[in-house]
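A quick write-up on the structure given underneath.
The values are calculated or read from the model by the stated rules, or taken from the named source; none is laboratory data. Values in this document were obtained by computation on a predicted structure and should not be read as measured data. Heads up, the Cβs are rebuilt from the backbone with ideal geometry, glycines too, and the neighbour counts pull from every protein chain shown.
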Amino acid sequence: MISKGMNGNGGPPLAQVQAAIAFLKIHSRTTLRGETESPYPFSVSELLDAKAREAILGLQAYQLGEPESAVVGTLFAKRYSVFCMGLLSAFSLFDLRLSSSPDVVRFRMTTAAAMEYETEIMTPVILPTEHMNERKANVAAYSADLQQHLEPVFQSVAAHTGANVQVMWSLVSHNLQTMYARVEREPLIWQTDERLRLIRMDRDTIFAPQAGNRLALKFRCFQHVSLEQVPFLLRKHCCLAYKLTAHGKSEGYCGTCPKLSLEERLLLCKTKYGRRG
């Protein structure tokens, strides 16, 4: 609940929580649960139930225009990465731990199978900013909890849709690494050198190449002299969004898609990159 830890008993300052709420709502479509009944109809735990899962993914398939089933599952992972971004940005930017418990996290459908999410602040609330070894241990545990949250969800969605679980993990890791790269380029977000140092330390911990770390994937960085935009990471796998159609026409490839040739990528980046990817 939002009220946890804000009564002067060792919780975060109210202004810190309010800043986190505003940021998460804009950048990761995530809100923190209040005292009233939740307006988010689905619990993530329902995705682990075969009957409830069928209804949820059926609604997403309908919103996507009934593409082949694997497209629904793959795009689920890509969209669900938005919630993962919220969990990670909450502690790297605001030192807050948010719950990833399937019974706590809720969501609702918006349009085109996109989702908005709701969770709550965990206790103990604050991640340390002074004791670096303690912070690293907390961040590693928090990342491990997120991965333990994702694994059964992805397995369940894959069982229903036939999507490739490895591809699902790759899409999430790509979007998370892209998020950290974007945050590091924005001084208005990190504001102080100390916060930037914490962000970089958290990033190195989350994507550390250790056994069992499903997020520790390496992506090729793309940069070209003909482009004014900053370098960006290329995906290892296609998200299959090109198989969606609008008015009978394919939506095309994302600017980060591995299926593009160099010429196609340059043309796409010059004309529409930034609206998709």
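Going through Gln166, Gln155, Gln147 one at a time, which residue ends up being modelled with pLDDT of 95 or more and either of a type in the set (D, E, K, R) or in contact with a helix residue (DSSP H, G or I) (Cβ under 8 Å, 6 or more places away or on another chain) (or both)?
Numbers: Gln166 fails: either of a type in the set (D, E, K, R) or in contact with a helix residue (DSSP H, G or I) (Cβ under 8 Å, 6 or more places away or on another chain) (or both); Gln147 fails: either of a type in the set (D, E, K, R) or in contact with a helix residue (DSSP H, G or I) (Cβ under 8 Å, 6 or more places away or on another chain) (or both).
Within the list Gln166, Gln155, Gln147, the selection yields Gln155.
If we keep just the residues of segment 14-68 that are on the phi > 0 side of the Ramachandran plot and out of contact with any helix residue (DSSP H, G or I) (no Cβ under 8 Å at 6 or more places or on another chain), which is surrounded by the most Cβ atoms within 10 Å (Cβ to Cβ)?
In this case the residue turns out to be Gly65.
Does segment 118-140 contain at least one residue that is acidic (Asp, Glu) and crowded, with 18+ Cβ neighbours inside 10 Å?
Step one: list which residues in segment 118-140 are acidic (Asp, Glu), which gives 118, 120, 130, 134.
Subsequent filtering for residues that are crowded, with 18+ Cβ neighbours inside 10 Å retains 118, 120.
Taking every residue of segment 118-140 in turn, at least one turns out to be acidic (Asp, Glu) and crowded, with 18+ Cβ neighbours inside 10 Å.
Sort out which residues of segment 80-98 are over 12 Å from the mean Cα position of the chain (by Cα) and either part of a helix (DSSP H, G or I) or not assigned by TED's automatic domain parsing to the domain that holds Leu47 (or both), and write them in order of number. Let's see the steps before the verdict.
So in segment 80-98, the residues over 12 Å from the mean Cα position of the chain (by Cα) come out as 91-98.
Within segment 80-98, Phe91, Ser92, Leu93, Phe94 meet the criteria.
Can you find even one residue in segment 70-79 that is modelled with pLDDT of 95 or more, part of a helix (DSSP H, G or I), of a type in the set (S, T, N, Q) and over 18 Å from the mean Cα position of the chain (by Cα)?
Of the residues in segment 70-79, the ones modelled with pLDDT of 95 or more are 70-79.
Next cut, part of a helix (DSSP H, G or I) only: 70-79.
If we keep only those that are of a type in the set (S, T, N, Q) too, we end up with 74.
When the remaining residues are screened for being over 18 Å from the mean Cα position of the chain (by Cα), the result is none.
No, because not a single residue in segment 70-79 is modelled with pLDDT of 95 or more, part of a helix (DSSP H, G or I), of a type in the set (S, T, N, Q) and over 18 Å from the mean Cα position of the chain (by Cα).
Quick one: which of Ile189, Ile206 is in contact (Cβ under 8 Å) with a residue 40 or more places away in the chain, under 15 Å from Cys84 (Cβ atoms) and under 18 Å from the mean Cα position of the chain (by Cα)? If you could, list the steps in order and put the result at the bottom.
Details: Ile189 fails: under 15 Å from Cys84 (Cβ atoms).
Only one candidate passes the filter, namely Ile206.
What helices (runs of 4 or more DSSP H), lying completely within segment 170-277, carry at least 1 residues that are in contact with a helix residue (DSSP H, G or I) (Cβ under 7 Å, 6 or more places away or on another chain), surrounded by 18 or more Cβ atoms within 10 Å (Cβ to Cβ) and of a type outside the set (Phe, Trp, Tyr)?
Values: elements: 187-190, 193-206, 262-271.
Ranges flagged: 193-206.
Scan segment 32-58 residue by residue and report those that are over 30 Å from Gln16 (Cβ atoms) and of a type in the set (D, E, K, R).
Within segment 32-58, Glu46, Asp49, Lys51, Arg53, Glu54 qualify.
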